[in-house]
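*Asks:* Structure below; questions to follow.
The numbers here are math on the coordinates, done by the rules we state, and not lab data. All figures in this text were calculated on a predicted structure; none of them were measured in a lab. Cβ: placed from backbone, ideal geometry, glycine included. Neighbour counts: every protein chain shown.
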Amino acid sequence: MTVRVPAKVNLQLSVGPPRDDGYHDLVNVFHAVSLFDEVTASRPEKDEITVEVGGGFAGQVPVDGENLAARAAVALAARAGRSPAVRLRIHKTIPVAGGMAGGSADAAAALVACDRLWGLGTPREELMEIAAGIGSDVPFALLGGTAVGTGRGENLTPVPAAGRYHWVFALAEGGLSTPKVYAECDRIREATGEPAAWPERSEPLMAALAAGDVKALGATLVNDLQPAAVMLCRPLARTLAAGRERGALGALVSGSGPTCAFLAESAAHADDLSVALNLAGVCRTTVTADGPAPGATVTSEE
Ligand code: C5P
């Protein structure tokens with residue numbers, strides 16, 4: 001059972017004050033892009049979970065119980081009252097610890113793959129609930145498309161979005177820890193005496209999406225975690241500036257970073273921008289992708 005699952009970029013990430021449970025209330029406009037991991041679930045030789053990882057970022061992914069796909073399989077099996085025995089093979093294309101929800105994507109894919117392999121037929125809402133228990137971004141990887149997440153990002157409402165959007169992603173050396181970036185965001189706010197506002201959905205951004213207006217969308221992209229990510233990884237300031245100088249319609253850190261996302265006018269413009277960013281030497285490498293992309297989808301039942 002093979003499931004393909006997309007990466008995401010955040011079009012709006014507005015972060016409220018820290019909550020008592022350590023999370024932050026968000027308005028998180030997720031947008032799935034055509035950069036996919038694949039998770040294959042098959043019957044194991046022994047009664048245990050095994051995880052194998054292949055693809056470009058394989059060396060950076062844990063293969064023990066910390067792996068989010070393994071945790072998803074365990075959570076689903078527990079809910080169904082069965083053994084979590086499964087062989088999971090993950091083919092990674094989504095950058096690891098890059099702010100594109102790659103680990104969350106693998107968890108969502110594992111939920112769908114194991115549900116099919118084990119013949120559970122778990123209702124969609126229940127899968128979404130299990131997904132939210134694994135991580136704030138996991139439910140969106142099931143859903144795909146474009147959606148607004150509230151709460152810690154797990155309460156999702158699909159957003160009607162017209163048109164296709166072409167992106168360049170500039171990958172950095174190394175990753176950033178999501179909890180550290182949120183903590184840095186809180187620290188900066190405390191230090192500057194700028195209290196966090198209650199996060200609100202950006203209506204100009206919604207209007208841009210509804211109209212399929214790529215220029216307006218570029219002008220409304222916003223990420224409250226960006227100053228924190230740049231503080232923890234200073235070279236990102238140069239990466240963002242380089243993209244803007246080379247004609248990106250919008251430039252922002254993706255999620256908690258360090259991947260930077262640039263909105264292009266067209267697929268051809270994205271290719272040009274990608275080459276220009278590589279030549280400028282402001283990132284490790286670039287990838288292009290477009291969105292919206294569908295959520296976790298079964299691609300092979302073999
Ligand atoms: O939910 P998830 O495990 O992906 O979150 C990782 C970390 O990111 C949390 O432990 C927390 O530090 C931070 N986070 C947050 N507020 C959110 C989502 C994540 O503070 N809404």
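*Asks:* If a residue counts only when it is under 28 Å from residue 227 (Cβ atoms) and within 16 Å of the ligand (Cβ to nearest atom), which strands (runs of 3 or more DSSP E) contained entirely in the stretch 1-119 have at least 2 such residues?
*Replies:* Those strands (runs of 3 or more DSSP E) span 2-18, 24-42.
*Asks:* Determine the pairs where a residue that is surrounded by 24 or more Cβ atoms within 10 Å (Cβ to Cβ), located within the stretch 26-38, has a partner that is part of a strand (DSSP E or B) and of a type in the set (Lys, Arg) with Cβ atoms under 9 Å apart, the partner being 6 or more residues away or on another chain.
*Replies:* Filtered contacts from the stretch 26-38: 30/8; 31/8; 32/8; 33/8; 37/4; 37/92.
*Asks:* Within the stretch 146-168, can you find the residues that are touching a Ser or Thr at 6+ places or on another chain (Cβ under 6 Å), within 16 Å of the ligand (Cβ to nearest atom) and β-branched (Val, Ile, Thr)?
*Replies:* Matches in the stretch 146-168: 148 only.
*Asks:* Follow-up question, since we're still on this one. Which of the residues spanning the stretch 123-145 are more than 18 Å from residue 206 (Cβ to Cβ), within 16 Å of the ligand (Cβ to nearest atom) and not in a loop (DSSP other than H, G, I, E, B)?
*Replies:* Of the residues in the stretch 123-145, the ones more than 18 Å from residue 206 (Cβ to Cβ) are 123-139, 141-142, 144.
Okay, now just the ones that are also within 16 Å of the ligand (Cβ to nearest atom), so 128-139, 141-142.
128, 129, 130, 131, 132, 133, 134, 138, 139, 141, 142, listed by residue number.
*Asks:* Next question. Could you please give the count of residues in the stretch 169-179 that are within 16 Å of the ligand (Cβ to nearest atom) and closer than 24 Å to residue 274 by Cβ?
*Replies:* Number satisfying all stated conditions: 2.
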